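Novice: After the structure tokens below, expect a handful of questions from me.
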Amino acid sequence: MPFKGESIEFMDPVSDKFKDLQALFANRLVKLYLITHDIFESPEYDSFLYLNQLYYHGTSHCGCLAQQAISASKNSIKASEWCKNQGCATRGILNNGHLLTRSGRGHFFTPQTTIAQEYAVSRSQLHNHLHLSFLSVFIVKAQNIIKHPTPDYFYVSSDTDILPCFLAIVRRQ
């Protein structure tokens, strides 16, 4: 069973985590959200607790990031309230985790923020969303990692081997 988001908690820009990621995203990080999950205290979830390495997974969105980016709200929201568009990839990961049935070939991620952003742009091109000003980048933990032939790309082949921890809204330019 993939890890479904329960709520999305706004991370203050003065927090250490935001500052660290802001530097990694070359000062293009607009908002950062901590993802809490509906499965706690399970062997699958517990296996991620001691993993320190974070990876980045860029994906598409339907335009919902623009509304969240300009919103002054600093409250936590339910994952199910993030976006109502059934075809939104960001909404899908927040509400359903990373589903292998959606990707077919595994869940790709990288230790490089620039590669994740390029992947988000390519996913936007695929869905004809080149006009969108923001990128959706999930910060994840992963286990049972498989090296992809492309440098700095990795993947897992099981839904329970990738845990979305944060959602970053990043300015495209």
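Novice: Consider only pairs whose beta carbons are under 6 Å apart and that are at least six residues apart or on different chains; among these, list those whose first residue lies in the range 3-27 and is closer than 19 Å to Asn95 by Cα and whose second residue is surrounded by 12 or more Cβ atoms within 10 Å (Cβ to Cβ) and of a type in the set (Asp, Glu).
Specialist: From the range 3-27, the pairs are Lys4/Asp38; Glu6/Asp38.
Novice: Among the strands (runs of 3 or more DSSP E) contained in the range 2-84, which hold 3 or more residues that are of a type outside the set (Asp, Glu) and open to solvent by 30 Å² or more (accessible area, probe 1.4 Å)? Spell out the reasoning first.
Specialist: On the way: elements: 5-10, 29-37, 55-59.
In the range 2-84, 29-37 are the strands (runs of 3 or more DSSP E) which contain 3 or more residues that are of a type outside the set (Asp, Glu) and open to solvent by 30 Å² or more (accessible area, probe 1.4 Å).
Novice: Could you check the range 143-162 and list, in sequence order, the residues that are among the hydrophobic types (A, V, I, L, M, F, W, C) and either without any contact (Cβ under 8 Å) to a residue 24 or more places away in the chain or open to solvent by less than 10 Å² (accessible area, probe 1.4 Å) (or both)? Spell out how you get there, then give the answer.
Specialist: Initially, the range 143-162 is screened for residues among the hydrophobic types (A, V, I, L, M, F, W, C), giving 145-146, 154, 156, 162.
If the condition is that a residue be among the hydrophobic types (A, V, I, L, M, F, W, C) and either without any contact (Cβ under 8 Å) to a residue 24 or more places away in the chain or open to solvent by less than 10 Å² (accessible area, probe 1.4 Å) (or both), then Ile145, Val156, Ile162 are the ones that fit.
The values are calculated or read from the model by the stated rules, or taken from the named source; none is laboratory data. This structure is a prediction, so every number in the text was calculated from the model and none was measured. Methodologically, a virtual Cβ is constructed for each residue, glycine included, from the backbone with ideal geometry; neighbour enumeration extends over all protein chains shown. Each accessible area value is taken on the protein alone, full model and side chains, heavy atoms only, with ligands, DNA and RNA left out. Shrake-Rupley method; radii C 1.70, N 1.55, O 1.52, S 1.80 Å.
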